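> Sharing a structure, written as structure tokens. Questions coming.
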């Protein structure tokens, strides 16, 4: 075969070979598995987009559940690269695999009521009104333990919630659907739904606060990418976004 035709044939063969390769072959991404508190779902889903925009070869996969559940899964050996907890208690439970953690933001528990506020709730003590229905997170959850501490410090509420929700998202959902008159939720939930809800703050800001911490899983498969993600979450860009979402920053 003439040399010129051999080159042309080889080039055509190479193009044909590349065309039948799976598209993912040339653009494989490294998957980072992040276990994060369910109250971070909205914020971290948006941060994921920013992270992947600047790290196009990374694909972040989240598991958003209650912090105690995530800690239990990590203790049991579930594969993960990063753990973000809404309480240091649950982070410390997982210390065998997440020995070094950093607090980076905090959230506050508040009493949320609809803007229309048909029940005329103006203070925490108004939860004692006859017939009023209110809810909070289950006691074992970070949002539940913070609610318990805030209520105990307030010392004015003798009524009981009509239910203890297993997820923070369930509390805000029932309030938004009009199933209850009031709910003890995170400040960030009210910020997100500011057109429909307003908040009443607890007098003891320390008791009503929960700190979020982040750690790299020591036996995770993607330690380098995990470090990059943790640094990004604490970057000025990410922190600025978290502030706008209603989180406070731990300096």
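We did not get these values from a lab; they are worked out from the coordinates using the rules stated. What you see is a predicted model; the values in this text were computed from it and never measured. Note: ideal-geometry Cβ built from the backbone for every residue, glycine included; neighbour counts use all protein chains shown.
> DSSP beta bridges in the range 107-201, what fraction antiparallel, as a percent rounded to 5?
Numbers: 9 of 14 bridges.
The antiparallel proportion sits near 65 percent.
> Then there's this: Which of these, 42, 189, 81, has the largest mean-square fluctuation under a Gaussian network model of the chain (Cα springs below 10 Å)?
Top of the fluctuation ranking is 42.
> Something else: Looking only at the range 201-235, which residues have a backbone nitrogen under 11 Å from a spot 7 Å from the Cα of residue 106 in the C-beta direction?
205-212
> Just the number, please: Stokes-Einstein D of the range 107-201 in µm²/s, Kirkwood Rh from C-alpha pairs, 20 °C, 1.002 mPa s.
167 µm²/s
> Roughly what angle does helix 3-19 make with the longest principal axis of the chain, taking Cα atoms, 0 to 90 degrees, to the nearest 10?
Approximately 20 degrees, to the nearest 10.
> At a 10 angstrom cut-off on C-beta neighbours, averaged per residue, how do the peptides 102-109, 155-162 rank from highest to lowest? Walk me through the numbers on the way to the answer.
Details: 102-109: 21.0, 155-162: 13.8.
Result, highest mean first: 102-109, 155-162.
> Pairs of alpha-carbon atoms within less than 8 angstrom and 6+ residues apart define the contacts here; what relative contact order does the range 107-201 have, in percent?
Relative contact order here is 48 percent.
> List the relative contact order of the chain as a percent without decimals, with contacts defined as Cα pairs under 8 Å and 6+ residues apart.
After rounding, I find 26 percent.
> At a 10 angstrom cut-off on C-beta neighbours, averaged per residue, how do the peptides 55-66, 203-214, 140-151, 28-39 rank from highest to lowest? Could you put the intermediate results ahead of the total?
Working: 55-66: 16.5, 203-214: 18.6, 140-151: 23.0, 28-39: 20.4.
Ranking, from highest mean packing down: 140-151, 28-39, 203-214, 55-66.
> Okay, moving on. Would you kindly calculate the translational diffusion coefficient of the range 49-149, applying Stokes-Einstein with the Kirkwood radius from alpha carbon pairs, for 25 °C and a viscosity of 0.890 mPa s, and quote it in µm² s⁻¹ without decimals?
Answer from the Stokes-Einstein relation: 146 µm²/s.
> Hey, what angle do you get for helix 223-233 against the long axis of the chain, alpha-carbon based, 0 to 90 degrees rounded to 10?
50 degrees
> Antiparallel as a % of all DSSP beta bridges within the chain, to the nearest 5?
60 percent
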